[in-house]
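Below is one structure, written out as structure tokens, with a few remarks after it.
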Amino acid sequence: MRHGDKINNLGRTESHRRALLANLAIALIEHKRITTTLAKAKALRRYAEPLITKAKDNSTHSRRIVFSYLQNKEALKELFGTVAEKVGDRPGGYLRIIKLGFRRGDGAETAMIEMVDFNETYNPNAGKVRQAKKTRRGGRKAGVASEATAPVVEEEVVAEQEIETVEEVVAAPVEEVVEIVEAAPVEAIAAPEIATEVEETVEAAADEVAEEVTETVEAVADSSDEVASEVEEAVEDVSASAEATADKKDEEQA
């Protein structure tokens with residue numbers, strides 16, 4: 001029984017499995033991307049990522065440890081040179097596995113394993129400057145503490161500049177309010193003069209309208225008197241003509 005056995009033996013002995021993973025790691029370091037079965041890709045990721053982490057520390061000790069696994073000088077040079085420079089800011093997770101489906105011959109599930117930082121198309125953070133993660137750990141060395149003081153001073157200077165800009169922005173509306181308040185009494189003094197001018201204008205307009213109305217009423221009255229006299233004359237003419245016609249009828253009957 002294999003209870004608690006977390007190592008995938010890949011159907012090989014220990015020596016065969018060690019040689020297989022070393023050869024896969026060398027090919028991955030040289031080509032930055034290889035295609036294999038999904039089981040081998042998962043085993044290779046657990047095998048190669050600790051070696052890439054060791055490559056960040058370019059020391060003789062780290063080089064000897066990595067060389068004891070790979071046994072290849074060209075791969076060692078590439079790992080501690082190009083690869084270490086590319087993945088220097090990444091805190092783990094250097095490899096990516098992408099499933100490719102099943103192989104036609106035996107139906108094995110295949111996958112592509114690649115280095116994340118060497119795929120400029122699929123990497124969304126390519127070209128961006130990675131900022132160091134801030135931690136709060138005790139027992140720092142004196143050199144690290146002295147290096148950390150410089151950003152703090154810069155942050156204080158930036159904070160002071162921001163406070164000055166905020167004070168200027170707040171002072172500008174206050175000055176505008178003071179100018180409005182100072183100008184307000186002058187406008188209050190000028191308001192009664194404007195009111196008197198408006199009243200005089202209204203009174204003059206009312207007088208003119210009243211004169212026009214009286215003239216119109218008088219003209220209408222004169223015209224009404226004329227019309228009344230004309231009506232009376234017309235009535236008299238009608239009555240006279242009626243009397244004349246009646247006289248003629250009486251004479252004819254006689």
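The values are calculated or read from the model by the stated rules, or taken from the named source; none is laboratory data. These numbers were taken from a predicted model, which means no experiment stands behind them. All Cβ positions, glycine included, derive from the backbone under ideal geometry; neighbour counts span all protein chains shown.
Taking the criterion of being in contact with an Asp or Glu (Cβ under 8 Å, 6 or more places away or on another chain) and over 14 Å from Ala48 (Cα atoms), the only residue of the stretch 60-77 that qualifies is Glu74.
Does Arg12 qualify as being surrounded by 12 or more Cβ atoms within 10 Å (Cβ to Cβ) and either touching a Cys at 6+ places or on another chain (Cβ under 8 Å) or part of a loop (DSSP other than H, G, I, E, B) (or both)? The answer is yes for Arg12.
Taken as a whole, the structure leaves Glu232 outside the set of residues that are at pLDDT below 60 and either in a helix (DSSP H, G or I) or aliphatic (A, V, I, L, M) (or both).
If only residues of the stretch 72-119 that are free of Cβ contacts under 8 Å to residues at least 60 places away in the same chain and among the acidic types (Asp, Glu) are counted, the one that is surrounded by the most Cβ atoms within 10 Å (Cβ to Cβ) is Asp117. Only residues that are assigned to a strand (DSSP E or B) and not small (Gly, Ala, Ser) were counted across the stretch 84-123, and they come to 13.
Table: residues versus (1) in contact with a strand residue (DSSP E or B) (Cβ under 7 Å, 6 or more places away or on another chain); (2) closer than 20 Å to Tyr122 by Cα; (3) not charged (D, E, K, R).
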residue: Gly11; (1), (2), (3): no, no, yes
residue: Arg18; (1), (2), (3): no, no, no
residue: Thr35; (1), (2), (3): yes, yes, yes
residue: Tyr94; (1), (2), (3): yes, yes, yes
